Amino acid sequence: MKRLFLVGVALLSIITTYAQSPRVFRSEFITYDKREDAKADKRSETMGYEAFKPERIAIAGGEVRFVQKINVDATRNDYNTFFHIENVGMAYTLFVNNEAVAEVEDPFTPADFMLSKYLRQGVNEIMVGVRQSRTPQLQEDIYQPGFEQFENSYFFVQRRLSVRDFNIILEPDTTRQYAKLRMDVIVANDFNFKETIEVGFDIYDPKGKLKEYSVNDLEVEGRSIDTLHFNPDIYHSYNFKWGDGKTPLYDVMIYIKRNGMLWEYIPLKVGFGKTVFRGGKFYRFDNILHVQKKEHFNAMDDRQKTFVAIEQAKLRGYNTLCPDYPQPKWFYDMCDKAGMFVIDRANINSPKNSNDRGIGGTPANDPALVNEYLERVKAMYYRSRNHSCIIAFALGGDNSGNGYNMYKAYEWLKSVEKERPVIYLGTEGEWNTDLR
């Protein structure tokens, strides 16, 4: 086994101008300071991690306001602070030190924000103003279980030179004899000057055997993003096919090495296999995949109950779950572990006036809402795309109208997703769906 394994370093280099909004669209993950904590999801020992458990302070201007103070000391100067929020229950406005920095109309989809540029050294106030959505027509007749408000919301930090995101799949090679791990690690340098980072990974098979590892240097220009491409062969993988009820998962760990020490572990699980869509049919391992869908299957307010429901769905012959809106991360993790497929869906559900494309009719044809449609589709896609369970993406509920906004949502999703189909059953025979 080679000590270093590097393929295609920095073939994709993107120099970015940072957007004004602090919202970050990426895979949902946190980093851990120790490998054992990463494997056990033990967050309490990780520097900068803090659960969001705010105090309710006021009702003002139709908003119920919740605030939590966080301390940023001098040791955090070289770090970015991220805020993950979910289970708000309603739309909200995010304030940092009394400055409104983001408006979120989607009450169901978890969101991530990079707050660093709004923070100052010392004590900072993070406030969430919970309010009615200004776009209630996009989530008609959709209800979320009664999770504890702000459950699994938290702050965490990453160094300003760190892993910003990743893409991962473990797929059959062209000879159908072994697997190829295709993993892109996207590195962001938020310093003003060029920096070098060491990025490593290792992968273990479902029986715990180390299959490959690598540590590589990457030089990243200041205020830019670059990408490391890993492409190792993983042998004997056909003993561990994943999906359609088969449950073996490989363990992958991404980490950063700095000054000879390992930092920022990111644990992942990946199943071997690739779902292909062609000619109106799904294929897996070159065989037709007969999709048996369980519609309107959403996470319950209890993880154990959700797990039992997934297992019961498997026993009844279902192999694919179709939620009504983006789910908590643990739901996708659970489906990965169960060998259950998922067709993920953006929180766009607007059956009222769905057949009326005139003014005041379906919101799908109201150009004033196009950014809201795109934001909801982006939030759905980036959070779940790396889960092995995801075999397709749905633009929204089947009877949510069609028009300009759905066209744009389809075009955007096809621009970033080259393999899996984009589905919308409310096209009325138009072009913006891959499943007809």
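The values are calculated or read from the model by the stated rules, or taken from the named source; none is laboratory data. Please read all numbers here as calculations on a predicted model, not as lab measurements. Every residue, glycine among them, receives a Cβ derived from its backbone with ideal geometry; neighbour counts consider all protein chains shown.
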Report task. Show the residue pairs that are 6+ apart or on different chains and have beta-carbon atoms under 8 Å apart, the first residue being within the range 35-56 and part of a helix (DSSP H, G or I), the second being of a type in the set (Asp, Glu). Result -> 37/45; 39/251
Query raised in the report: Out of all the residues in the range 353-365, which are touching a helix residue (DSSP H, G or I) at 6+ places or on another chain (Cβ under 7 Å) and either assigned to a loop (DSSP other than H, G, I, E, B) or of a type in the set (D, E, K, R) (or both)?
Result: 357
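Output yes when any residue across the range 346-369 is closer than 21 Å to residue 291 by Cα, buried (at least 18 other Cβ atoms within 10 Å of the Cβ) and at pLDDT 95 or above, and no when none is.
We begin by selecting, within the range 346-369, every residue closer than 21 Å to residue 291 by Cα; these are 346.
Still in the running and buried (at least 18 other Cβ atoms within 10 Å of the Cβ): 346.
Right, trim to at pLDDT 95 or above and you get 346.
Within the range 346-369, one or more residues are closer than 21 Å to residue 291 by Cα, buried (at least 18 other Cβ atoms within 10 Å of the Cβ) and at pLDDT 95 or above.
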Query raised in the report: Out of the residues in the range 392-436 that are touching a Phe, Trp or Tyr at 6+ places or on another chain (Cβ under 7 Å) and among the acidic types (Asp, Glu), which is surrounded by the most Cβ atoms within 10 Å (Cβ to Cβ)?
Result: 434
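Inspect the range 415-430 for any residue being part of a helix (DSSP H, G or I) and in contact with a helix residue (DSSP H, G or I) (Cβ under 8 Å, 6 or more places away or on another chain) and give the result as yes or no.
Within the range 415-430, the first condition is being part of a helix (DSSP H, G or I), and the residues that meet it are 415-416.
Now narrow it down to the ones that are in contact with a helix residue (DSSP H, G or I) (Cβ under 8 Å, 6 or more places away or on another chain): 416.
Yes, because at least one residue in the range 415-430 is part of a helix (DSSP H, G or I) and in contact with a helix residue (DSSP H, G or I) (Cβ under 8 Å, 6 or more places away or on another chain).
Taking the stated definitions as given, is residue 146 in contact with a strand residue (DSSP E or B) (Cβ under 6 Å, 6 or more places away or on another chain), among the small types (Gly, Ala, Ser) and under 30 Å from residue 352 (Cβ atoms)? Show your work before the answer.
On the way: in contact with a strand residue (DSSP E or B) (Cβ under 6 Å, 6 or more places away or on another chain): no; among the small types (Gly, Ala, Ser): yes; under 30 Å from residue 352 (Cβ atoms): yes.
So residue 146 does not fit the description; no.
Confirm whether residue 291 is under 11 Å from residue 341 (Cβ atoms), hydrophobic (A, V, I, L, M, F, W, C) and out of contact with any Leu (no Cβ under 6 Å at 6 or more places or on another chain).
Working: under 11 Å from residue 341 (Cβ atoms): yes; hydrophobic (A, V, I, L, M, F, W, C): yes; out of contact with any Leu (no Cβ under 6 Å at 6 or more places or on another chain): yes.
Against the criterion (under 11 Å from residue 341 (Cβ atoms), hydrophobic (A, V, I, L, M, F, W, C) and out of contact with any Leu (no Cβ under 6 Å at 6 or more places or on another chain)), residue 291 qualifies.
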Query raised in the report: For the range 254-273, which residues satisfy the criterion of being surrounded by 14 or more Cβ atoms within 10 Å (Cβ to Cβ), more than 19 Å from the chain's Cα centre (by Cα) and part of a loop (DSSP other than H, G, I, E, B)?
Result: 273
Query raised in the report: Could we say that residue 345 is closer than 21 Å to residue 108 by Cα, touching a strand residue (DSSP E or B) at 6+ places or on another chain (Cβ under 6 Å) and outside the structural domain of residue 167 (by TED's automatic domain parsing) here?
Result: yes
Query - Total residues in the range 377-414, condition outside any helix (DSSP H, G or I) and either closer than 15 Å to residue 350 by Cβ or assigned by TED's automatic domain parsing to the domain that holds residue 111 (or both) - result: 10
Query raised in the report: Is one or more of the residues making up the range 213-232 loosely packed, with under 14 Cβ neighbours inside 10 Å and within 30 Å of residue 306 (Cβ to Cβ)?
Result: no
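Among the residues in the range 278-296, are any part of a loop (DSSP other than H, G, I, E, B), within 23 Å of the chain's Cα centre (by Cα), on the phi < 0 side of the Ramachandran plot and not basic (Lys, Arg)?
no
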Query raised in the report: Of all residues in the range 212-232, which are within 20 Å of residue 271 (Cβ to Cβ) and either in a loop (DSSP other than H, G, I, E, B) or over 26 Å from the mean Cα position of the chain (by Cα) (or both)?
Result: 231, 232
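Go over the candidates 394, 368, 379, 364 one by one and state the one that is over 30 Å from residue 317 (Cβ atoms) and in contact with a strand residue (DSSP E or B) (Cβ under 7 Å, 6 or more places away or on another chain).
Criteria check complete, one pass: 379.
Yes/no per residue for (1) within 20 Å of residue 152 (Cβ to Cβ); (2) of a type in the set (Ser, Thr, Tyr); (3) modelled with pLDDT of 95 or more; (4) over 27 Å from the mean Cα position of the chain (by Cα):
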{"position": "52", "(1), (2), (3), (4)": "yes, no, yes, no"}
{"position": "61", "(1), (2), (3), (4)": "no, no, no, yes"}
{"position": "75", "(1), (2), (3), (4)": "no, yes, no, yes"}
{"position": "91", "(1), (2), (3), (4)": "yes, no, yes, no"}
{"position": "96", "(1), (2), (3), (4)": "no, no, yes, no"}
{"position": "102", "(1), (2), (3), (4)": "yes, no, yes, no"}
{"position": "105", "(1), (2), (3), (4)": "no, no, yes, no"}
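Going through 87, 71 one at a time, which residue ends up being on the phi > 0 side of the Ramachandran plot and either of a type in the set (Phe, Trp, Tyr) or outside the structural domain of residue 384 (by TED's automatic domain parsing) (or both)?
Numbers: 71 fails: on the phi > 0 side of the Ramachandran plot.
That would be 87, the only listed residue that is on the phi > 0 side of the Ramachandran plot and either of a type in the set (Phe, Trp, Tyr) or outside the structural domain of residue 384 (by TED's automatic domain parsing) (or both).
Within the range 241-250, is there a residue that is of a type in the set (Asp, Glu), touching a residue at least 24 places away in the same chain (Cβ under 8 Å) and assigned to a strand (DSSP E or B)? Let's see the steps before the verdict.
Of all residues in the range 241-250, those of a type in the set (Asp, Glu) come to 244.
Retained after the next criterion (residues that are touching a residue at least 24 places away in the same chain (Cβ under 8 Å)): 244.
Imposing the further condition that a residue be assigned to a strand (DSSP E or B) reduces the set to none.
The answer is no, given that none of the residues of the range 241-250 is of a type in the set (Asp, Glu), touching a residue at least 24 places away in the same chain (Cβ under 8 Å) and assigned to a strand (DSSP E or B).
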**Report entry** Qualifying position, being of a type in the set (Lys, Arg), more than 27 Å from residue 243 (Cβ to Cβ) and under 20 Å from the mean Cα position of the chain (by Cα), among 182, 160, 134, 164
**Finding:** 164
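Of all residues in the range 11-41, how many are under 16 Å from residue 187 (Cα atoms) and either surrounded by 14 or more Cβ atoms within 10 Å (Cβ to Cβ) or at pLDDT 50 or above (or both)?
Step one: list which residues in the range 11-41 are under 16 Å from residue 187 (Cα atoms), which gives 11-18, 24-31.
Checking which are either surrounded by 14 or more Cβ atoms within 10 Å (Cβ to Cβ) or at pLDDT 50 or above (or both) leaves us with 24-31.
Qualifying residue count for the region: 8.
Out of the residues in the range 337-374 that are at positive phi and small (Gly, Ala, Ser), which is nearest to the chain's Cα centre (by Cα)? Quick ask: steps written out before the conclusion?
First, pick out the residues of the range 337-374 that are at positive phi: 339, 353, 360.
Narrowing the set further to residues that are small (Gly, Ala, Ser) leaves 339, 360.
On the way: 339: 19, 360: 33 Å.
Ranking the candidates gives 339 first.
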